[in-house]
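Colleague: Take a look at this one; I'll ask things after.
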Amino acid sequence: MIIKELKLRNFRNFKNCHISFIPNINIITGLNGQGKTNLLESLVFLSTTKSHRVNEDQKMIRINTEFSNIDCLYNDGIDYKIGAVIHQKGKSLLINKQYISKSSEFIGLLNVILFSPSDINIFNDSPRVRRKLMDLEITKVNKKYVNCLNNYQKLLKERNITLKNEKIDSIYLNTLEDQMIDNQKYIIEERIKFIENINENINKYFKKINGEDLNIKIEYLSCVDCKENNLDELLKDMYISNFERDRYTQLTNSGIHRDDLLFKINNQNVNDYASQGQRRVVIMSFKLSLIEYIKKVTKKIPVLLLDDVLSELDIKRQTNLLNCIEDEIQTIITTSVLSNNLRNLNKNISIKEIKDGIIIN
């Protein structure tokens, strides 16, 4: 998968922008506040239909304008054009200039993996943030997962409404729970596969970048014991045993909407054991492992986005990280300082500068 061109109109601080990329290493330089992160944000939006920085799409519209456009030409065996129009009432998505009605048809067409300095916060964030990260990456490669997740959220909302009723229809509640169980089974199974795939590669990348042979592992903390095969029974028992609590709180307190991820280093919680530098390399290793996961599932290679991460690393780790990036992976790197480490890369590179939302070739 290779991004060839990106056009932005009224997106963040870009009034009109047209930038082309080469299949190898693309370096975008510029002082802070010039638009480097905004550029990568537009690609993340095209990949996921969401920003990784704000919850409201309208915040990406340039000040004093009514809408913004994002258009991208990429090659995935053949050329594709995808685009988005963000307006005050929402957003419209296009594939080869044709509007589509379902986001699920759009998500993951352009698959990008972003690493930014703020990713290190994942270890201290709430379970919801880690769960969202896992769900996001799976939905980009698995349409059935998207449907099951959406179905479950609708059923969860309906069950919570039912729990608020003065008199509960037990037959209706059981029907809701049976449907929730069907969707949860698939979600749990796919989450397990996801974590297993990540764990196959995360140690390899940590050792390559950090030079330490430590045991890095992610544990999936599920609402039921995933080691057991009878997920139907376990999930049913979960609803039965939690009913009184759910009835009292008028909420569904257990289920896949409460699951979490635990990052461990030498069998200890990363938060309790790892240094700041080690944490940074753990999340980098996780992101590089995502590339392997996507390649395995889709047989396609995603685009890697590195948003000003090299400044957080010493020269040795910078070199190790760059050496981990295979030649077949298109990479877009933003940096405020063009170090010799980047200038002297033994790879085909393109260097462009952003100043006040304008690309300077």
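The values are calculated or read from the model by the stated rules, or taken from the named source; none is laboratory data. In this text, all values refer to a predicted model and were calculated from it rather than measured experimentally. Glycine also receives a Cβ, built like all others from the backbone with ideal geometry; neighbour counts cover every protein chain displayed.
Colleague: Considering only residues that are free of Cβ contacts under 8 Å to residues at least 60 places away in the same chain, more than 17 Å from Y239 (Cα to Cα) and not charged (D, E, K, R), which ones fall in region 140-164?
Modeller: The answer is Y145, V146, N147, C148, L149, N150, N151.
Colleague: Also, I was wondering about something else. Of all residues in region 221-252, count the ones that are buried (at least 17 other Cβ atoms within 10 Å of the Cβ) and of a type in the set (V, I, T).
Modeller: 2
Colleague: Out of curiosity, is L322 crowded, with 18+ Cβ neighbours inside 10 Å, without any contact (Cβ under 8 Å) to a residue 60 or more places away in the chain and closer than 21 Å to D178 by Cβ?
Modeller: It is false that L322 is crowded, with 18+ Cβ neighbours inside 10 Å, without any contact (Cβ under 8 Å) to a residue 60 or more places away in the chain and closer than 21 Å to D178 by Cβ.
Colleague: Of all the residues that make up region 124-139, how many are surrounded by fewer than 14 Cβ atoms within 10 Å (Cβ to Cβ) and polar (S, T, N, Q)?
Modeller: Total meeting the criteria: 2.
Colleague: Residues of region 64-75 being in a loop (DSSP other than H, G, I, E, B) and either surrounded by 18 or more Cβ atoms within 10 Å (Cβ to Cβ) or out of contact with any strand residue (DSSP E or B) (no Cβ under 8 Å at 6 or more places or on another chain) (or both), which ones?
Modeller: Answer for region 64-75, where residues must be in a loop (DSSP other than H, G, I, E, B) and either surrounded by 18 or more Cβ atoms within 10 Å (Cβ to Cβ) or out of contact with any strand residue (DSSP E or B) (no Cβ under 8 Å at 6 or more places or on another chain) (or both): just N64.
Colleague: To continue, here is another question. Based on what the data block shows, is I95 touching a helix residue (DSSP H, G or I) at 6+ places or on another chain (Cβ under 8 Å), in the same structural domain as L345 (by TED's automatic domain parsing) and either surrounded by fewer than 16 Cβ atoms within 10 Å (Cβ to Cβ) or at pLDDT below 90 (or both)?
Modeller: yes
Colleague: Could you say whether any residue in region 109-127 is closer than 19 Å to K185 by Cβ and in a helix (DSSP H, G or I)?
Modeller: no
Colleague: Within region 78-98, identify whether any single residue is assigned to a loop (DSSP other than H, G, I, E, B) and in contact (Cβ under 8 Å) with a residue 60 or more places away in the chain, and answer yes or no.
Modeller: There is no residue in region 78-98 that is assigned to a loop (DSSP other than H, G, I, E, B) and in contact (Cβ under 8 Å) with a residue 60 or more places away in the chain.
Colleague: I would also like to ask the following. Considering only helices (runs of 4 or more DSSP H) fully contained in region 254-361, which possess at least 2 residues that are polar (S, T, N, Q)?
Modeller: 276-298, 315-324, 340-343
Colleague: Taking into account only those residues within region 201-232 that are closer than 28 Å to S254 by Cα and among the acidic types (D, E), which is modelled with the highest pLDDT?
Modeller: E219
Colleague: Also, I was wondering about something else. What residue, of K217, K227, is assigned to a strand (DSSP E or B) and farther than 18 Å from Y145 by Cα?
Modeller: The unique qualifying residue is K217.
Colleague: Filter region 22-36 for residues that are crowded, with 20+ Cβ neighbours inside 10 Å and among the polar types (S, T, N, Q); which is farthest from the chain's Cα centre (by Cα)?
Modeller: Q34
Colleague: Okay, next question. Between a residue in region 49-63 that is on the phi > 0 side of the Ramachandran plot and surrounded by 16 or more Cβ atoms within 10 Å (Cβ to Cβ) and any residue that is among the hydroxyl-bearing types (S, T, Y) and modelled with pLDDT under 90, which pairs come within a Cβ distance under 8 Å, given they are 6 or more apart or on different chains?
Modeller: T49/S103
Colleague: While we're on this one: Give the residues of region 14-48 that are in contact (Cβ under 8 Å) with a residue 24 or more places away in the chain, out of contact with any strand residue (DSSP E or B) (no Cβ under 8 Å at 6 or more places or on another chain) and over 23 Å from K140 (Cα atoms), sorted by residue number.
Modeller: N32
Colleague: Hey, another quick one. Would you call N142 outside the structural domain of F45 (by TED's automatic domain parsing), crowded, with 19+ Cβ neighbours inside 10 Å, under 28 Å from E219 (Cβ atoms) and over 10 Å from the mean Cα position of the chain (by Cα)?
Modeller: yes
Colleague: Among the residues of region 274-312, count how many are of a type in the set (G, A, S) and surrounded by fewer than 16 Cβ atoms within 10 Å (Cβ to Cβ).
Modeller: Counting residues in region 274-312 that are of a type in the set (G, A, S) and surrounded by fewer than 16 Cβ atoms within 10 Å (Cβ to Cβ) gives 3.
Colleague: Mind listing just one residue for me: the one in region 173-198 that is under 11 Å from Y145 (Cα atoms) and not basic (K, R) and, of those, surrounded by the fewest Cβ atoms within 10 Å (Cβ to Cβ)?
Modeller: Looking at the filtered set, the residue picked out is E189.
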